[in-house]
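Following: one structure in structure tokens, then a few remarks.
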Amino acid sequence: MTILGDTLERDRVRAGLSVPQAARRLKLAVPAYRRLLAEGPRNYAEWERICEGYGWPRTFVSEVRR
């Protein structure tokens, strides 16, 4: 499982969702959701769905102050 997969699973359990419910939230079939956990997103569209489904920011890069 990838770091993203671990994070998705942690958030899924925290939200009290089953695997089918989490897959539906990301607009994926259950096998595609399991692939996502194992391999990570294949493209930006999948990343967008994850961010939208879980309310994550689009990027985890913080602003650099000088």
Full-stretch length increase - R24, Y44 - with 0.36 nm per residue and alpha-carbon distance subtracted: 5.4 nm
Inter-site label distance for D11 and C51 at 7 Å from Cα along Cβ, in nm: 1.1 nm
Read-out Rg and Dmax of the Cα atoms in Å, derived from the coordinates shown; its label in (1) 12.5, 46; (2) 12.0, 33; (3) 16.3, 48: (1)
The stretch 1-42, accessible surface, carbon-and-sulfur percent (1.4 angstrom probe): 54 percent
Average accessible area per residue (Å²) across the chain - probe 1.4 Å, nucleic acids and ligands excluded: 71 Å²
Using alpha-carbon coordinates, inclination of helix 3-15 to the longest axis of the chain, degrees: 70 degrees
Lys, Arg +1 and Asp, Glu -1 on Cβ, resulting dipole of the stretch 1-63 about Cα centre, debye, nearest 20: 280 debye
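The values are calculated or read from the model by the stated rules, or taken from the named source; none is laboratory data. All of these numbers come straight from a predicted model, not from anything done at the bench. As a convention, Cβ positions derive from the backbone with ideal geometry for all residues, glycine included, and neighbour counts pool all protein chains shown. To get the accessible areas, we keep the full protein, side chains included, count just its heavy atoms, and leave off ligands, DNA and RNA. Shrake-Rupley method; radii C 1.70, N 1.55, O 1.52, S 1.80 Å.
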